[in-house]
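Data first, discussion second: the structure below is written as structure tokens.
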Amino acid sequence: MAFIEKKNPVVINIKLTSKGRELLSEGNLNFQYFAIGDSEIDYNFISETQVIDGEFDASKLGILRPADKNPKQLSFITKTLSGDPYNEISSVPSSPYIVSNTVDSLGFFTNITNTGATFIADANHVKQPDAMVDISTVAGGNQLALLKAPTYGTSTAEPAIGDMLLVKWTYGFNTTGQTVQRTLPTPYLFYRIENKTGTLGGNNLIVTVDRELPDFTGLAVSGIYAGALIYYDFINFSGNTVFTMSSTDYLDESVLSFLENSQCPTIVFPFWNMSIIFTEEIAGVKTNNKKYTQFDSRIYAGFVSYIQNQAPVYKKLGVIHYTNSSPANVYAEKFYLNTPKLVIPTILWHKSQTGTMGVTLSAIGSAKILTNSNSGATSLDTEYYDLADESGNVVGKVFTNLKIFVIEDQELLFAMSYKSNRNWTLPNYVAAATDIITVPCPPSAPIIKWTTPINLSINGGTVTSNEYCYKSAGGLSVGWTNFMVGGCVTVCEPIYCAGYRVNVCFPNGGSGEICAYDNADCSTICFCQNSGAPGSGVSLTLSAINYNDDYTFTGKIC
């Protein structure tokens, strides 16, 4: 029924026999006694061997692994001198025991340091690692000439339609080879090959990619080459056992046939997978582009809501997971505490404090429980850690029981997408209430600007409010609208007519003037004057002003 592995601590591998599985299926499996059989131990042989090797004892013997239909035991180690082999099981105590282990790094890079990294270039990771692009030939469009890199020969595989092309764009230094120079900012961008002519081996390969390429026309890029790697459009891995698994979920045919009855067959895949799941349209998608409801990731859309307690804050998530067709239990039952770590050496992370490419994301702090903030709502109540960069900036979560990383930071998410035209992230914009945001106007429309009058304090006069109004050529009417005193407003759309109103308070009495003037020659188009007694308020108004050139409303207090 079992065999003992000579390890510390001792591990007993128990296997139910056919009879045991029968009782288990009937719900009648109840352990009441156990006996230790020693049928495979020949004590006479041990005694004879010890004459020559005094250190030889029963622990040096090997025994068969348990079979589905084990032969009967011929002898037992008896409990008492009376020869009773059965030991009663009154109760089976249970206590948790944590067994942890360190897993080798898995991914597409090796030799990762603060200044560099190396692409793993074997056939399990990359189809063709030794291509390059002559930057002087890149002038936009979607066709690209690929050449053999100086290191060509690692693989002679040719690109195919559907393969993924990674280009290490540059214009100041060569990026050929399999290294990542983390001290040099480099755009690492992916493209899908949609068509091709020629061959890489013949140095006449032209590929058509899925989107617009950069244009280096006019730049001094003669003799500059960008490295390029070509990846399979499917998981290509053979490992040290057969890769073509059966369609059976999780277990393959050999397990179901009990050909390997003590252990499941295992394939340790050398990389993780990332799925970016969209549940809303991406800004800027054109009418002829795929919609998010057509993406392959759409089948996992429910996960976006599920992992946020069915109360989603984020409509897009990146899920990094170790999922494959093999039952290899590489990461056991869960991640251990806050040990998981992701290293992404090709991202330009704007929050980095190191001044180099790449970001390392780690589980930080103490374990948390994912609960729903809505009172009375159900929660997943599953354990997670915050996922953060080296400076503690949180970008997502690590779910230890699920053994997945979830990227929530939307900037990082888009920089990691293979469809992105940038591998760098951008900071959030900041616009304060006092900031003036200038929007360029269409050349064909007059630029009309309203500003607060100057010389606000002469004679103690103070502008208490200023307003604008206009009617557009398209028929849109904007009534009197306040804007901030001291600020300005610009309208770029074609205007039919416009108005300007300023309210002034005169504690000591005085007069005010507002005007509209031509921006080109500073000539006055129209003006309005008014005066007031001490303590009075005066309203100055210009209305129904229609002028063909650029002009500005302003004024002064005299």
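The values are calculated or read from the model by the stated rules, or taken from the named source; none is laboratory data. What you see is a predicted model; the values in this text were computed from it and never measured. For neighbour counting, all protein chains shown are included, and Cβ atoms are generated from backbone atoms with ideal geometry for every residue, glycine included.
Numerical summary
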quantity	calculated
Those residues of the range 42-74 which are of a type outside the set (D, E, K, R) and either not in a loop (DSSP other than H, G, I, E, B) or not assigned by TED's automatic domain parsing to the domain that holds GLY20 (or both), in sequence order	TYR43, ASN44, PHE45, ILE46, SER47, THR49, GLN50, VAL51, ILE52, ALA58, SER59
Residue match in the range 498-511 (condition: hydroxyl-bearing (Ser, Thr, Tyr), in contact with a Lys or Arg (Cβ under 7 Å, 6 or more places away or on another chain), closer than 20 Å to CYS469 by Cβ and touching a residue at least 12 places away in the same chain (Cβ under 8 Å))	no
Verdict on SER366 being within 20 Å of PHE399 (Cβ to Cβ) and among the small types (Gly, Ala, Ser)	yes
Some residue of the range 101-118 being buried (at least 19 other Cβ atoms within 10 Å of the Cβ), more than 29 Å from THR323 (Cα to Cα) and touching a residue at least 12 places away in the same chain (Cβ under 8 Å)	no
Some residue of the range 381-401 being at pLDDT 95 or above, closer than 27 Å to PRO187 by Cα, among the charged types (D, E, K, R) and not in a loop (DSSP other than H, G, I, E, B)	yes
Scope the range 169-200; condition touching a Lys or Arg at 6+ places or on another chain (Cβ under 7 Å) and small (Gly, Ala, Ser); matching residues	none
Count - residues of the range 524-554 that are under 19 Å from LYS449 (Cβ atoms), in contact with a Gly (Cβ under 8 Å, 6 or more places away or on another chain) and surrounded by 19 or more Cβ atoms within 10 Å (Cβ to Cβ)	2
Enumeration of residues in the range 30-52 that are surrounded by 10 or more Cβ atoms within 10 Å (Cβ to Cβ), more than 58 Å from the chain's Cα centre (by Cα) and not hydroxyl-bearing (Ser, Thr, Tyr)	ASP42, PHE45, ILE46, GLU48, GLN50
Residues located in the range 136-153, provided they are touching a Ser or Thr at 6+ places or on another chain (Cβ under 7 Å), outside any loop (DSSP other than H, G, I, E, B) and under 16 Å from GLU212 (Cα atoms)	ALA139, GLN143, ALA145
Any hit, the range 28-35, residues being touching a strand residue (DSSP E or B) at 6+ places or on another chain (Cβ under 8 Å), among the small types (Gly, Ala, Ser) and under 30 Å from ALA157 (Cα atoms)	no
Within the range 405-455, tally of residues that are surrounded by 15 or more Cβ atoms within 10 Å (Cβ to Cβ) and either at pLDDT below 85 or among the hydrophobic types (A, V, I, L, M, F, W, C) (or both)	16
THR183 within 25 Å of MET416 (Cα to Cα), in the same structural domain as THR115 (by TED's automatic domain parsing) and in a loop (DSSP other than H, G, I, E, B)	yes
Every residue from the range 299-333 that is modelled with pLDDT of 85 or more and on the phi > 0 side of the Ramachandran plot	ASN309, GLN310
Qualifying residues in the range 81-99 (those that are of a type outside the set (Ser, Thr, Tyr) and surrounded by 10 or more Cβ atoms within 10 Å (Cβ to Cβ)) - the one farthest from ASN30 (Cα to Cα)	ASP84
Close pairs from the range 284-303: first loosely packed, with under 12 Cβ neighbours inside 10 Å, partner in a helix (DSSP H, G or I), Cβ under 9 Å, at least 6 apart	VAL285/TYR292; THR293/ALA301
Close pairs from the range 57-75: first under 11 Å from LYS15 (Cβ atoms), partner of a type in the set (Val, Ile, Thr), Cβ under 6 Å, at least 6 apart	ASN70/THR17
Filter result for VAL343 (in contact with a Ser or Thr (Cβ under 9 Å, 6 or more places away or on another chain), touching a residue at least 12 places away in the same chain (Cβ under 8 Å) and β-branched (Val, Ile, Thr))	yes
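Per-residue answers, yes or no, for (1) modelled with pLDDT of 95 or more; (2) touching a strand residue (DSSP E or B) at 6+ places or on another chain (Cβ under 7 Å); (3) in a loop (DSSP other than H, G, I, E, B); (4) not charged (D, E, K, R):
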residue	(1), (2), (3), (4)
LEU81	no, no, yes, yes
VAL92	no, no, yes, yes
VAL99	no, no, yes, yes
VAL103	no, no, yes, yes
ALA121	no, yes, yes, yes
ALA131	yes, yes, no, yes
SER155	no, yes, yes, yes
